[in-house]
Amino acid sequence: MPSKFKKSLTKALEHGLNYLDDLDNFPAYPQASLDELRSAINKPLNEEGLPPEQVIDDLVNDTKNGIVGNSGGRFFGWVIGGAVPAALAADWMTSVWDQNSGMFTVAPAASVVEETCGNWLIDILDLPPKASFAFVTGCQMAHVTCLAAARNSILKKHGWDVETRGLNGSPKIKIITSDQKHGTIDRAVRLLGFGTDCLEFVPDNDDGGINVELMDKKLAEFEDNPKIVLLQAGDVNTGFVDNFEELIPTAHKHNAWVHIDGAFGLWASASAKHKHLMKGVNKADSWATDGHKWLNVPYDSGFAFIVDRESHYNAMAQKAAYITHIDEARDQMSWNPEFSRRGRGFASYAAIRELGRKGIEELINRNCEQATAIVDGISSLDGAEVVSAAMLNQGLVRFLDPKENATVEDHNERTKIVVEKINNSGEAFFSPTTYKGTFCMRVSVSSWLTNDNDVKRTINIAEKVLKELNK
Ligand SMILES: *Cc1c(COP(=O)(O)O)cnc(C)c1O
């Protein structure tokens, strides 16, 4: 019997290879306007069905000017990363198999893959071997999962069962962190019913990290409250890593739960060269990180790790009466916020197998060196300066208005123009940011594809843009 799938899957393979093999010549950021995209994509709803291969052809053609080249080697916006070939192919297989990966009974292989991969990740990231884990959509939901476990644990210690009683009338939780925390923390705090009013900010040191003495004082101020301390392994602007060795014991002295936002930075633990930055991080209570950033797994890949398995389970477990559970096997729905879900462990499993421990370490080291090379290369150009030297794979530069008595606003405007011109060239892509009041260009390197030539091309385009502006 002829395959019902061959035509559309063959199309997908052809289009996929055309795209990926041409990334080097493809603009790092697409040029189509919103109106152009709408006129290509927003078709009238069809009454009759279409042949699947035509649907795929149209999809590729209609979207092509709106596809961001973040899978390539010169995309340095946000913290994105590409996808290593085995992870990409495993992601395709995940859709081919279409497993409902909530439970062992429904998707046994998916369950064992996540069980295995979770333990590999604990090993790679040097986390406590007994930690429980969940494969979630991204660091955002990893925060939610970890903080739900935290909520269960710290309130239980105050004699309050949050799972049955909720937060109405509960002891008041305080979350202590820095104002440089990532935006996803805010939303996790809102989703879990803590409310953003529970956030207390401890001022940073000049270097960007939380001040230990001020943290100690702040914790003492709320001695009687259930508390969570949120620390960063890798600030999204500067790559800065908090001083875990001092901050975590300080937080524990005050009975606070310590959660680490390590979306990309936690991967420094996989590198002998950068691991010293993570000293003491494994004494925390929970960690959130991503697979879709630095591990170069396709999107929809984040990981939550929690030492207190019981609180994790109590916060998440879902046991429906009509479902058969096999007690020894892993039922993801007991650890995850979802019920039915994609078998998202397959792609991470494949990425780790493809890279191996060594390949992951090399990827981390290489991207860090490239970030330094780009920050140093661009900031040494006429009219540029470094704002924050590369730490891990992140750094900040800005561009200076050459006119006499130029103000901060002038430099901000100049930086905005240079970033726009670099991005419009298609040669490289950077996202801007405002760091402590200064408008900057963020340099963020996390793709397995970025090579020396990409670094060179990137510095060259910045040089060209600056020369033209200074003419
Ligand atoms: C990207 C990022 C997040 C959010 O992760 P998602 O995977 O996008 O949900 C949180 N914290 C930091 C530091 C990040 O870089």
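The values are calculated or read from the model by the stated rules, or taken from the named source; none is laboratory data. No experiment lies behind these values; they were computed from the predicted model shown. All Cβ positions, glycine included, derive from the backbone under ideal geometry; neighbour counts span all protein chains shown. These area figures cover heavy atoms from the full protein model, side chains too; ligands, DNA and RNA do not enter into them. Shrake-Rupley method; radii C 1.70, N 1.55, O 1.52, S 1.80 Å.
Summary of values
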{"quantity": "Total formal charge among the other residues, if their Cβ is under 13 angstrom from that of ARG366, Lys/Arg +1 and Asp/Glu -1", "calculated": "-3"}
{"quantity": "Cα centroid separation - segment 453-471 against segment 139-159, whole Å", "calculated": "47"}
{"quantity": "Tensor-based shape of segment 214-373 (alpha-carbon gyration tensor, a/c under 1.5 rounded, otherwise prolate or oblate)", "calculated": "oblate"}
{"quantity": "Backbone N within segment 1-36 under 20 Å of label point (7 Å from ASN65 Cα along the Cβ vector)", "calculated": "19, 23, 25-36"}
{"quantity": "Solvent exposure of the chain as accessible area per residue, Å², 1.4 Å probe", "calculated": "46"}
{"quantity": "Net charge contributed by nearby residues that have their C-beta within less than 10 Å of ALA406 (K/R +1, D/E -1)", "calculated": "-3"}
{"quantity": "Counted charge near ASN152, where neighbours are those whose Cβ lies closer than 14 Å (Asp, Glu -1; Lys, Arg +1)", "calculated": "0"}
{"quantity": "Carbon + sulfur, % of accessible area of the chain - ligands and nucleic acids excluded, 1.4 Å", "calculated": "52"}
{"quantity": "Measure of compaction for segment 92-136 (Cα Rg per 2.2 N^0.38 Å)", "calculated": "1.28"}
{"quantity": "Dimensionless Rg/Rh of segment 402-471 - Kirkwood Rh, Rg from C-alpha atoms", "calculated": "1.00"}
{"quantity": "Full-stretch length increase - ASN451, SER3 - with 0.36 nm per residue and alpha-carbon distance subtracted", "calculated": "157.3 nm"}
{"quantity": "Three-way shape label, segment 247-293, alpha-carbon gyration tensor, a/c 1.5", "calculated": "oblate"}
{"quantity": "Distance histogram in 10 Å bins (all Cα pairs of segment 395-438, percent per bin)", "calculated": "27, 53, 20, 1"}
{"quantity": "Within segment 170-270, GluC sites (Glu not before Pro) in DSSP loop having at most 10 other beta-carbon neighbours inside 10 Å", "calculated": "GLU223"}
{"quantity": "Span-rule helices in the chain, defined as complete DSSP H runs reaching 20 Å or more along the axis (Cα) with Kyte mean at least 0.5", "calculated": "108-124, 139-156"}
{"quantity": "Cα gyration tensor, segment 332-471 - rounded (a/c under 1.5), prolate or oblate", "calculated": "prolate"}
{"quantity": "Where ASP123, ASP204, ASP197 fall by accessible area, highest first, once all protein chains stay in place (1.4 Å)", "calculated": "ASP197, ASP123, ASP204"}
{"quantity": "Overall dimensions of segment 41-186 by Cα: Rg and Dmax, Å", "calculated": "21.6, 61"}
{"quantity": "Loop trypsin sites (Lys or Arg not before Pro), segment 1-59 (other Cβ atoms within 10 Å of the site Cβ: 12 or fewer; DSSP)", "calculated": "LYS4"}
{"quantity": "Between segment 1-45 and segment 264-307, the alpha-carbon center distance in angstrom", "calculated": "33"}
{"quantity": "Simple spin-label estimate for ASP57 and GLU369 in nanometres, 7 Å along Cα-Cβ", "calculated": "4.6"}
{"quantity": "Computed helical MRE - 222 nm, the chain, DSSP H runs ≥ 4 contributing -39500 (n - 2.57), nearest 500", "calculated": "-13500 deg cm²/dmol"}
{"quantity": "Spatial extent of the chain: Rg and Dmax, with the Cα atoms as the point set, Å", "calculated": "23.7, 77"}
{"quantity": "Highest-first arrangement of 102-114, 408-420, where packing means the average Cβ count within 10 Å", "calculated": "102-114, 408-420"}
